[in-house]
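J.: Supplied in structure tokens, the structure appears directly below.
The values are calculated or read from the model by the stated rules, or taken from the named source; none is laboratory data. Please read these numbers as outputs of a predicted model, since none were measured by experiment. Methodologically, a virtual Cβ is constructed for each residue, glycine included, from the backbone with ideal geometry; neighbour enumeration extends over all protein chains shown.
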Amino acid sequence: MNLPNFKDILGKLSVFKNNLALLVPLIIVLVAALLFIPTTLMSMRLRNRAQEESIRKGARRIDRLKSDPVPHEQYQMEAARQAARANDANEIERLAVATTQRELLSYDIFPEPGDPNADFSALIFQVFGERFRTGIEERIRRANALDCPTEAELQRSLENASASRSRTRGLGSPMMDTLGSLSGSRGLGGLYQGTMGMGMGSINRLIIDEVCEARAKSVPFYVNPIDIAGYDYWAEYKYEGKEDAIKDCWYYQLAYWVIEDIFDTITAINAGHDNVLTAPVKRFLSLSFTMGLKRPRAGGGAFRGFRGRRGQGQSSKEDADKPMYVLSANDGLTESCTGRSSGEDADNHVIHFNVAFVVSASDVLPLMNGLCSAKEHRFAGYDGQEPPQTYKHNQITVLESKIGFLNPRDMTHRYHRYGNDNVVEVDLVCEYIFNKKGYEAILPEPVKKTLAGEEEEKS
């Protein structure tokens, strides 16, 4: 193999030394040739990639669209979908309004009783109060609930037992005299804790225990209507003017809706239990809308907890325990985590209430969830004459809770039997909301003035 003679090659290239004009074009041609080859290769690759990923995929997509063409009525279908969404929004608003459309205790009072220019009788307000009390009693009766045995009941049981023992032992009347003397001077607390001579104290305690145990086995939970705000108030109601009477009825109508929800919650939680000893909710302790505070608009107050049985003395206007609208942060029973109030421009109106129970320790959270859950109600129009419809409402929010174990020496529990469960007192401050549009048609004018801040309620 003959190798090229480099001298000959250099000799031939030496021609460019004498003619530089030929060297520059030659270099350009060589560079162009070197660039042309990879550019061509890259172009072919890009064409193939575009053909595969764009043109062919696009063609396949077009073929699919051809097989499933957009109908000519597509715009109509879209319009129908948008209308359905609008209907959903309207239905949500309608259901929100319906939460506050509830049955009334009286259809003769709101927003104005009868013809405002005609004379009317104060009897319609007394009728409202009777229906308020009767409604509570009917709720308790339907729940088959009672309070613990009263001292009078226990006294009769002890007297009957003593009489039976006297006849059996031939003791005659001295035992009855002793029983009557001790019960008259010290009450049943003395009979229960003390002795009566001849070993009778322990027997009396056994009798009382048996009577109390029998009551616990016969009812699903304990309740006494006097522990419910308003029950005593309407027992001795005194008419003091039309405007005040209308406001009283309105606020206690709100209270009655709260009472209904509380009893519905207890019934739901205690479903399947027919006695206190096994039921989750063992006792309804109290319902208050003021917690003893001077309200409304008296600066609110701190959470005080369960104050025991409310007792008598709630019938005066000044001491009336009734709901009041929360118009500012200072009006509530506690600091609200929701920030809701009943301002004139608000969509919802708000009241606070305090409710307390004795509950099995393991059922505290189910009770609170039950209070805040949806409940059913019927509505037949604000004249009571329309076909009744069933709606759902969910209006309670727990704002504050206090949980404490029972004090076995607390006299408020001495005749109650709660079974073997660990039980606690649960004391809740709750918020109840009303949709303004739901009852705006029957909102009394004096109440509108209060909501607008045009007047101050009597404290």
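J.: If only one of R133, R81, R156, R85 is within 30 Å of N224 (Cα to Cα), at pLDDT below 95 and of a type in the set (K, R), which one is it?
T.: On the way: R133 fails: at pLDDT below 95; R81 fails: within 30 Å of N224 (Cα to Cα); R85 fails: within 30 Å of N224 (Cα to Cα).
Result of the check over R133, R81, R156, R85: R156.
Results for (1) on the phi < 0 side of the Ramachandran plot; (2) in the same structural domain as A320 (by TED's automatic domain parsing); (3) free of Cβ contacts under 8 Å to residues at least 24 places away in the same chain, shown as yes or no for each residue.
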residue: E400; (1), (2), (3): yes, yes, no
residue: D410; (1), (2), (3): yes, yes, yes
residue: G419; (1), (2), (3): no, yes, no
residue: L428; (1), (2), (3): yes, yes, no
residue: L443; (1), (2), (3): yes, yes, no
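J.: Looking at (1) in a loop (DSSP other than H, G, I, E, B); (2) over 29 Å from Q126 (Cβ atoms); (3) more than 29 Å from the chain's Cα centre (by Cα), which is the one condition that is false for Y237?
T.: Only one criterion in (1) in a loop (DSSP other than H, G, I, E, B); (2) over 29 Å from Q126 (Cβ atoms); (3) more than 29 Å from the chain's Cα centre (by Cα) is unmet by Y237, namely (2).
J.: Could we say that T338 is in a loop (DSSP other than H, G, I, E, B), among the β-branched types (V, I, T), surrounded by fewer than 22 Cβ atoms within 10 Å (Cβ to Cβ) and in contact with a Leu (Cβ under 7 Å, 6 or more places away or on another chain) here? Full working, then the answer.
T.: On the way: in a loop (DSSP other than H, G, I, E, B): yes; among the β-branched types (V, I, T): yes; surrounded by fewer than 22 Cβ atoms within 10 Å (Cβ to Cβ): yes; in contact with a Leu (Cβ under 7 Å, 6 or more places away or on another chain): no.
Judged against the criteria, T338 is not a match.
J.: So, in segment 354-411, how many residues would count as being in a strand (DSSP E or B) and more than 16 Å from K282 (Cβ to Cβ)?
T.: Residues flagged as in a strand (DSSP E or B) and more than 16 Å from K282 (Cβ to Cβ) within segment 354-411 amount to 18.
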